[in-house]
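To start, the structure itself, in structure tokens.
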Amino acid sequence: MGLAYKQFRSIATSALATEFDITLEMLGALRVLSHLGEVPQQAVSDVLHRERSVTKRLIDNCIKRELIAVHKSEQNKKARYLVITDKGKDIEQKATVCIANLNQDFFAPLTNEERELLFKINKKLIRQDILVNS
């Protein structure tokens, strides 16, 4: 399972970097903002199950690429509110199609039943109470 994950991640990372100049993590942040709209940075951390420092670095890289815009809250000056930009929306949509195509190719050796079983087992293994550092 670990080797398959590393291989897919390597393929996906290379494709996203080459075609869109983003990482898988950046795509995750763009997807969150595309789905939720304008939210505090902490909400992105929570949805991605990432530590705040990791999310801050990730968001800062997206801001540099003009994929995400940030502003301060009037009520809470410490809170950073994030919103996906038009450029971010465009890249998120194109990168999602790219990943879907890579996903199809990667899982092509499996039957539909094997894919469903694999996804079902993985869902059982994933714990929601554990944050990921990278």
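The values are calculated or read from the model by the stated rules, or taken from the named source; none is laboratory data. All values derive from a computational prediction rather than experimental measurement. Positions of Cβ are backbone-derived with ideal geometry, glycine not excepted, and every protein chain shown enters the neighbour counts.
Please name all residue pairs, on different chains or six or more residues apart, with Cβ atoms under 7 Å, provided the first residue is in segment 29-58 and is under 17 Å from residue 89 (Cβ atoms) and the second residue is surrounded by 16 or more Cβ atoms within 10 Å (Cβ to Cβ) and acidic (Asp, Glu).
Correct list of pairs: 30/92; 31/92; 34/92.
Does residue 58 satisfy the criteria of being under 13 Å from residue 41 (Cβ atoms) and part of a helix (DSSP H, G or I)?
yes
Across segment 36-82, what is the total count of residues that are modelled with pLDDT under 95, over 14 Å from the mean Cα position of the chain (by Cα) and among the β-branched types (Val, Ile, Thr)?
2
Within segment 68-107, can you find the residues that are touching a helix residue (DSSP H, G or I) at 6+ places or on another chain (Cβ under 7 Å), in contact (Cβ under 8 Å) with a residue 40 or more places away in the chain and not in a helix (DSSP H, G or I)?
Across segment 68-107, the qualifying residues are 80, 82, 83, 84.
Within segment 19-67, track down each residue that is out of contact with any helix residue (DSSP H, G or I) (no Cβ under 9 Å at 6 or more places or on another chain) and more than 16 Å from residue 80 (Cα to Cα).
Passing the criteria: only 49.
Determine, yes or no, whether residue 71 is surrounded by 13 or more Cβ atoms within 10 Å (Cβ to Cβ) and touching a strand residue (DSSP E or B) at 6+ places or on another chain (Cβ under 7 Å).
no
Taking into account only those residues within segment 108-128 that are part of a helix (DSSP H, G or I) and not charged (D, E, K, R), which is surrounded by the most Cβ atoms within 10 Å (Cβ to Cβ)?
Among residues in segment 108-128 that are part of a helix (DSSP H, G or I) and not charged (D, E, K, R), the one surrounded by the most Cβ atoms within 10 Å (Cβ to Cβ) is 118.
For segment 1-60, how many residues meet the condition of being within 22 Å of residue 75 (Cα to Cα) and of a type outside the set (Gly, Ala, Ser)?
12
With 7, 41 as the choices, which residue is among the polar types (S, T, N, Q) and under 23 Å from residue 129 (Cα atoms)?
41
Return yes or no: is residue 96 closer than 20 Å to residue 32 by Cβ, of a type in the set (S, T, N, Q), out of contact with any strand residue (DSSP E or B) (no Cβ under 8 Å at 6 or more places or on another chain) and surrounded by 11 or more Cβ atoms within 10 Å (Cβ to Cβ)?
yes
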